[in-house]
Amino acid sequence: MPESFHGEHHGGEDTHDEPEGGPVRLVVTDDLRRERLTVLFRPLLYIPHGVWVRLWGLAVFAGWLVAWVSGIALGRIPSFFPGFVARFVRYDLHVRTYRTLGAQPFPAFDGSSAYPVDVRLPNPQPRGRLDYFLRPVWGFPALLGTIFLGIAAELLAIVGGLIALVLGRIPRDIRNIQVLFAGYGAQTFAYLGFATDAYPQLAADVSSSREAGVVSRPRAADLWWHGLGGIGLSESRWHAFSPLKRRAIIAGTVGVLLLVIIGPLAGIDVAAVITYFVFVFLYVPEWSKLGRAGKWVLPVAFLTLAVTFPYYAGKLYTIPILGAFPDVHTGTVMLVYVMMALGLNVVVGYAGLLDLGYVAFYAIGAYTAASLASTQFAGQTASGKAARFFNFGGVDIDKSLGGIHINVWLLLVVAGLTTAGLGMLIGLPTLRLRGDYLAIVTLGFGEILPQVARNGNNLFNTGFNLTNGPQGITSMDGIGFGSWLNTKVGLPANYLNAANADNLFFWTAIVLVIITLFCSLRLRDSRLGRAWIAIREDETAAAAMGVPLMRTKTLSYAIGAFFGGVAGAYFAELNTGANPDAFQFQFSVLILVMVILGGMGNVWGVMFGAAFLAYLDQAGLANTGAWINTHLGTNFDVPKYEFGIYGVILLVVMLFRPQGLIPEKRHRLEFEQGVADEPLYDVTA
Amino acid sequence: MVTDARTGEQLRVRRVTGVNPVSAIGIALLVLLGIWLVVNLVKTPDVWFQAFLIGITRGAVYALIALGYTLVYGILELINFAHGDVFMLAGMISITMIGEVFGLKAGDAALTIWPAVLATLAIAMVACGLINATVERVAYKPLRGAPRLVPLITAIAASFILQNIAIWWKGPNYVVLNSGTGRSGAADFLPQGNIFTFGNSGYYSWPDLIVLLLTAPVLLALMWLVQRTRQGKAMRATAQDREAAAMMGIDVNRTISFTFLIAGALAGSAGLIYALYFTEVKFDQGFQLGLIAFTAAVLGGIGNLPGAVLGGLLIGLIQSFNNTLTWHAPGGDWTQSIVFAVLILILVFRPEGLLGERTPEGG
């Protein structure tokens, strides 16, 4: 019988370099290390291979039928076929060992040779018709054995997986067993598929090189690269692409995924397709590099999208799980939250002062605006009529009800200034305290002020009604431009009476957010902003560089308070009143989670985080709960666990990505490249 | 008289005296407080003493919680926001054990009650110690080297998660110990009735004494643990200087975990006592009471164990005086604000607390 090496006429690579009649050899170069993340997600990662191995297997089976018939009828197998089967057998072996944790790398999809578990099949020789005919019969017991061993391997994989999660590597014996079982399956398929004549045996020459070393802490990104390595894309190659190419690839992949995953579930919606193309248009090209007008393209585009939102809000589709797109009123609420988050960003993100009492600023702003634009201070004369009346630009005021009525636009500024003033007052004695004490003190103020609001209808038993107690102030004046401007220029006289009140409030909120955004950006790039960042990074060094600590910190507090106050006043107008039940500690934490999730100090991250969490708070959680309940048949009241969910979000962000979703520039550098100070004794090891 | 070293001539030195305006305000406030107390004492002495005794009782519970805060802060310089919620879970566990598992009710013999109560105490302490140690393992340990803000935020996150576990377990309403008509609101299987009365309306009931009787051994055990055992010495050493302690061969990680265990056990005992005395717990009470207890810890000097006890008693007294006294008392509505005002005032005027030592960073 002639010997043939390297399968010259069989097409397979190293599979057939054994002399005829030799045993099947399994070559193992695995080092027992298993990355925990990939172990945990192994079933998910396996899915593409599970699909591809079946598709390929179908093709092989079809070819096998042809080959078998040809072997019986013509006495010989098509010459390409053994190599073809060998390739598939190899791939199947890789996939099988990958699935059962016998190997670590993500297999390539073409059965190529570089895999820690590989098989060497001796070349088949031409046989007679009877041999070809009886091959399936002889191979049938081996097939049964393969199925049986496959089940055992799955069970063992669970055990091995648990151990690997703890230790970061798999025990040698478990790995060897998995390799053996998978190898038996490979031999069976090779034998049945005419790729070799050696009968499957449960014995193989298994060697392992390199013991497991210490497993370093994996990055979440490693999971991506693990999977993408299978299609030949490594991290260095990815970074070698130009940014444009990278973004185009990402946009294309997102499109394909959406089409493939969500298309069948929810159908294809025209609005969704338009949204996708808008996204591609905004995301892929490098607008900022296209000349002076280029850097305005993105902001103008977003602004246009935002301003025209009321017109297309009704036509928008439903996002799976999260529910419908927010309507205009929810959008306005989201914008107010964005404003507050931007305000807190100045304190927490820029200056690094943990403020747990932001709700106090919201309360002060709301109550200032509400009490100075309503009948709160009307008082009562002996005859029951209103004692005080003062109108300065108020809209649609009823004189007989009395009270102080100041133009609400003016009040937005007044409320902001009042809050800033009170913020400075609060800050003066407390800002010299250390970080955690400051947090507690701000928390204390956040608790005191709502209590003042709640008990304010009888302040210190004097009968003076400052805040109207637990009912709050309920009938705030309308906001608007008054009748003169209405007739002359067509501006709405009183938002509350207008037909499209929701839209008007929405557009005004956009204007306020733009003003806040502008101030945030300019402050960040100003001398004051750099002083804040210096304080955040290292107070002592900042003080040594001449940064006046108390003044700078107080200013950050005051400016954060200002925005909080304006947002609070606008919110009061939106709700036409101020009620102490809305001012709870959880509100401060909600805004804090927005800032932290988005990225402390990064304005865009904070805006995104605020919008997302505000949506969750208003509608998203309820919708998600309903979706889960209808699809999984449970009876969870998801909004009840809202703050537990935020707690988990905070915990996960703090543990795995403290710089937030879109990190601020310095934080990104810090967390990627590390900070230079080393402790003397590492107590985290 | 002072001699100039260079020229040898005598210089007349004038001592500069004067009062720092900040401490002047502080002293003025204390004086006002003193006057208010004295006037109330003179006007309604029996109410005053009643308030005093109630204050001591409540103060004992606060002291136990404050000790937990202070232990953790002393060793890690971390304000464990989740501690109050561990206390709340202890209350719920205690109510479940006493009410449902042991099924104690009024009229049970003392031999049934006391072993059950002691068993619940042990279970609550162990369970809460384990909860606290788990929180430390999961949330605080990975962040040991992170900047100050990060563990603080994580503590808030842990607090909310524990609260939601309570909501999931027992629902958002009050969890009530099946209690009959105990007069002071305490569990009705405890001996009711007064030990002594005084004046028109003053009384001191058995449940009040039982609270003190349950608190005292726990405090003594803690003192013994911290002062007389090796682990206690390790805790004190790690609190003083972590790196030096590590160099001395102390397993710092284990000591920190052990501290959290002890703090959790303290919260567990406080939870049981609270459940016995107040008989109802709600999921958000832990946070509120935890903050009050933290104020107590700061008042006494954070990191200082006797200070925590003193602070707890003082805050309990402040609370009950505010609730009960009648002459110009702000009243129960303002108690929360007053406690926080005390916190702010302490941090402004005397950040090291009553028994603490002044450090350059202010406590």
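Per-residue ellipticity at 222 nm for chain A, helices alone: DSSP H runs ≥ 4 residues times -39500 (n - 2.57), over residue total, nearest 500 deg cm²/dmol?
Dividing the helical sum by the residues of chain A leaves -19000 deg cm²/dmol.
Dipole size in debye (nearest 20) for chain A around its Cα centre, Lys and Arg Cβ +1, Asp and Glu Cβ -1?
1060 debye
Taking the Cα atoms of segment A:118-172 alone, what are Rg (to one decimal) and Dmax (as a whole number) in Å?
Cα only, segment A:118-172: 18.1, 54 Å (Rg, Dmax).
Report, in degrees rounded to the nearest 10, the 0 to 90 angle that the Cα long axis of helix B:230-240 makes with the longest principal axis of chain B.
For helix B:230-240, the angle is close to 40 degrees.
Once you have the Kirkwood Rh of chain B from its Cα pairs, apply Stokes-Einstein at 10 °C and 1.306 mPa s and quote D in µm²/s.
My calculation gives 72 µm²/s for D.
I need the Kirkwood Rh of segment B:78-213: take the reciprocal of the average 1/r across all distinct C-alpha pairs and report it in angstrom.
Hydrodynamic radius (Kirkwood, Cα only) of segment B:78-213 equals 17.2 Å.
So how long is each side of segment B:53-110 along the principal axes, counting just the alpha-carbon atoms, biggest first, in Å?
46, 29, 15
Over 20 Å, how big is the tail of the calculated P(r) for segment A:403-472, in percent of all Cα pairs?
49 percent
Taking a temperature of 4 °C and a viscosity of 1.567 mPa s, what whole-number D in µm²/s does Stokes-Einstein yield for segment B:251-330 with Rh from Kirkwood over alpha carbon pairs?
The calculation lands on 90 µm²/s.
At a 10 angstrom cut-off on C-beta neighbours, averaged per residue, how do the peptides B:150-160, B:199-209, B:244-254, B:259-269 rank from highest to lowest?
Those peptides, ordered most packed to least, come out B:259-269, B:150-160, B:199-209, B:244-254.
Starting with the highest mean, order B:108-119, A:392-403, A:610-621 by the number of other Cβ atoms within 10 Å, averaged over the residues of each peptide.
A:610-621, A:392-403, B:108-119
If packing is taken as the mean number of other Cβ atoms within 10 Å per residue, what is the order of B:65-75, A:173-183, B:45-55, highest first?
In descending order of packing, they fall as B:65-75, A:173-183, B:45-55.
How far, in degrees from 0 to 90, does helix A:621-632 lean away from the longest principal axis of the Cα atoms of chain A, to the nearest 10?
Orientation of helix A:621-632: about 30 degrees from the principal axis.
With axes computed from alpha carbons, what is the tilt in degrees of helix A:501-524 against the longest principal axis of chain A, rounded to the nearest 10 within 0 to 90?
Helix A:501-524 sits at roughly 80 degrees to that axis.
Take peptide B:241-252, look around each residue's Cβ out to 10 angstrom, count Cβ atoms belonging to other protein chains, and average those counts.
Mean shielding by partner chains, rounded to a whole number: 2.
From the alpha carbon gyration tensor of segment B:1-140, can you work out the equivalent ellipsoid semi-axes (sqrt of 5 times each eigenvalue) and give them in Å, largest to smallest?
52, 28, 12
Indicate the gyration tensor shape class of segment A:428-557 (rounded, prolate or oblate), computed on the Cα atoms with a ≥ b ≥ c the square roots of the eigenvalues: a/c under 1.5 is rounded; otherwise a/b larger than b/c is prolate and the rest oblate.
In terms of gyration-tensor shape, oblate.
Roll a 1.4 angstrom probe over the protein heavy atoms and tell me the percent of accessible area of segment A:148-196 that is carbon or sulfur.
Of the solvent-accessible surface of segment A:148-196, carbon and sulfur hold 78 percent.
Looking only at other chains, what is the average number of their beta-carbon atoms within 10 angstrom of each beta-carbon in B:333-343?
5
Need the C-alpha centroid separation for segment A:144-194 versus segment B:66-126, integer Å.
Their Cα centres are 49 Å away from one another.
With all pairs of different alpha carbon atoms counted, what Kirkwood hydrodynamic radius in Å does chain A show?
30.6 Å
Got a sec? Charge dipole of the protein assembly as shown, +1 on Cβ for Lys and Arg, -1 for Asp and Glu; which of B:ILE95, A:LEU156, A:PRO122 is way out at the positive end?
B:ILE95
Could you tell me the total accessible area buried at the B-A interface, probe 1.4 Å, in square angstrom to the nearest hundred?
Interface area, both chains combined: 4500 Å², rounded to the nearest 100.
How much of the accessible area of segment B:145-218, in percent, comes from carbon and sulfur atoms when a 1.4 Å probe is used?
The nonpolar share, carbon plus sulfur, comes to 61 percent.
Which residues belonging to segment A:350-364 lose at least 50 Å² of 1.4 Å-probe accessible area when the assembly is complete, relative to their chain isolated?
The answer is A:LEU354.
Return the calculated 222 nm mean residue ellipticity for chain B, to the nearest 500 deg cm²/dmol, obtained by summing -39500 (n - 2.57) across DSSP H runs with n ≥ 4 and dividing by the residue count.
Computed mean residue ellipticity for chain B: -22000 deg cm²/dmol.
Would you kindly calculate the translational diffusion coefficient of segment B:130-273, applying Stokes-Einstein with the Kirkwood radius from alpha carbon pairs, for 25 °C and a viscosity of 0.890 mPa s, and quote it in µm² s⁻¹ without decimals?
Reported coefficient: 131 µm²/s.
Once you've got the Cα coordinates, tell me which of A:LYS245/A:LYS665; A:LYS315/A:LYS665; A:LYS553/A:LYS665 are over 27 Å apart.
From A:LYS245/A:LYS665; A:LYS315/A:LYS665; A:LYS553/A:LYS665, over 27 Å: A:LYS315/A:LYS665.
On a straight-distance basis, which lysines could pair with B:LYS141 in a cross-link, Cα separation under 25 angstrom, same-chain partners fewer than 8 positions away excluded?
In chain and number order, the partners are B:LYS233.
Across peptide B:137-144, what mean number of C-beta atoms from other chains lies inside 10 Å of a residue's C-beta?
3
Just tell me which lysines come within less than 20 Å, Cα to Cα, of A:LYS640; anything on the same chain fewer than 8 places away is out.
Answer for A:LYS640, where 20 Å is the Cα cut-off: B:LYS170, B:LYS282, listed by chain and number.
Accessible area per residue for segment A:93-184 in Å², computed with a 1.4 Å probe and the full protein assembly in place, what is it?
43 Å²
The values are calculated or read from the model by the stated rules, or taken from the named source; none is laboratory data. Since the model is a prediction, treat every value here as computed from it, not as a measurement. Cβ atoms come from the backbone with ideal geometry, glycine included; neighbour counts cover every protein chain shown. Ligands, DNA and RNA are excluded from the accessible area calculation, which covers all protein heavy atoms including side chains. Shrake-Rupley method; radii C 1.70, N 1.55, O 1.52, S 1.80 Å.
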